[in-house]
Amino acid sequence: MYSNLLGIFDGVIKFGYILIAILILMLMITIHEFGHYLAGKLLKFKINEFSIGFGKALYTKKKENGEIFSIRAIPLGGYCAFDGEDTPDESADSFNAQAPWKRLIVLFCGAFFNFLSAIIFNIALLAVIGNGYIMITDIKGVNNAPDKLQNGDIVTHINGEELSFFNGGIGGITQDIKIGDDITFTIKRNGEIQKVVVQKFAVLEDGSEVGKLGVNGQAYVRLSVGNAMLKSVPFTFEMSWEILVTFFDLLTGKYGIDALGGPVTTIGAMANAGATNWLNLLLWVPMIAANLAVFNLLPIPALDGSKMVFVAIEWVRGKPIDRDLENKIHMVGILVLFGIVILADGLHILDFFR
């Protein structure tokens, strides 16, 4: 009976994290659409509706200026509907009748707001967890580590490469180094930067380890709030670059379709990470924000990046590409994206039930 109650409790906890993950994803999407909305309001665009979610409207409110605010049943998206944005309509109030520079700003601001939110969330990550630097908390007397490393040393680089959540830290950097080879630690001790050399651990015949890089027991180093604020911008750029590299690797076939994931996969992975340790959410939140920023700026039909390309071409040519043709291209793009997302999520769901 106790085990059954424990299982129910674990299920409730997991379900709670799924709800939290959905709310986080919706928050990121709402921030994105609010970027479009705010830019549109400031530049005097006519906005028909601002929606959180897709599908059947659960709540609607119409403002005096005709704008509709709605909350819809499917919490996996949202939109800011500008008048005439997806039609050939070029009447005075329509989206396409506005100056190209205005449209570029409006289209860009969705991703820009996601990037700004990633910076803010990264301040919390850096102040509560850190940026990947570790403090040595327990030295095992093996190799030559005790002569060169001390408890309290802060490790910042391994063989010249900075420790980061994005490169796997010590384990990720040293995974291809041979046993017994020298490894150079860059450490901060008593406020001074030093470099020390230890050897990678060896494994005995009985399976026991002779030291793991001469170090065991590590703790992430938190930044002060002030340093977190200073570090948050370059840290967010680094995060965005890693996301862009991952997209490139997907396009070049380095990763298969199983490496992709839509909103269902994202929610599941975030919920699992949160259930393991709620602090993991502090890394997931800015990563999702940066991911939305980078992804939406890619020149893929139906995404903001592609729409910005069409507007830029119109600005240079002095006239737009045929609106019907552009709308058809975006429609095909969104159908392809939906298909990929459904396929990717479907594969992950099938794996779960196998």
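The values are calculated or read from the model by the stated rules, or taken from the named source; none is laboratory data. The structure presented is a predicted model; accordingly, all values stated were derived computationally and were not measured. All Cβ positions, even for glycine, are placed from backbone atoms using ideal geometry, and neighbour counts span all protein chains on display.
For the stretch 255-275, the tally of residues that are modelled with pLDDT of 75 or more and either under 20 Å from Val245 (Cα atoms) or of a type in the set (S, T, N, Q) (or both) stands at 2.
Scanning the stretch 305-339 for residues that are of a type in the set (A, V, I, L, M), loosely packed, with under 13 Cβ neighbours inside 10 Å and at pLDDT below 85 returns no hits.
Specify which of the listed residues (Lys307, Lys254, Lys319) is under 26 Å from Phe338 (Cβ atoms), assigned to a loop (DSSP other than H, G, I, E, B) and out of contact with any Gly (no Cβ under 9 Å at 6 or more places or on another chain). Being under 26 Å from Phe338 (Cβ atoms), assigned to a loop (DSSP other than H, G, I, E, B) and out of contact with any Gly (no Cβ under 9 Å at 6 or more places or on another chain) holds for just one of Lys307, Lys254, Lys319, which is Lys254. Of everything listed in (1) surrounded by 12 or more Cβ atoms within 10 Å (Cβ to Cβ); (2) farther than 19 Å from Asp153 by Cβ; (3) at pLDDT 75 or above, the single unmet condition for Asp176 is (1). Scanning the stretch 136-158 finds one or more residues that are over 28 Å from Trp241 (Cα atoms), of a type in the set (Lys, Arg), at pLDDT below 85 and assigned to a helix (DSSP H, G or I).
Residues that are modelled with pLDDT of 85 or more and outside any helix (DSSP H, G or I) within the stretch 75-108 comprise Gly78, Tyr79, Cys80, Ala81, Phe82, Asp83, Ser94, Gln98, Ala99, listed in sequence order. Residues in the stretch 106-121 that are over 14 Å from the mean Cα position of the chain (by Cα) and hydrophobic (A, V, I, L, M, F, W, C): Val106, Leu107, Phe108, Cys109. Which of the residues belonging to the stretch 68-114 are among the hydrophobic types (A, V, I, L, M, F, W, C), surrounded by fewer than 22 Cβ atoms within 10 Å (Cβ to Cβ) and in contact (Cβ under 8 Å) with a residue 40 or more places away in the chain? Passing the criteria: Leu76, Trp101, Leu104, Ile105, Phe108, Phe112.
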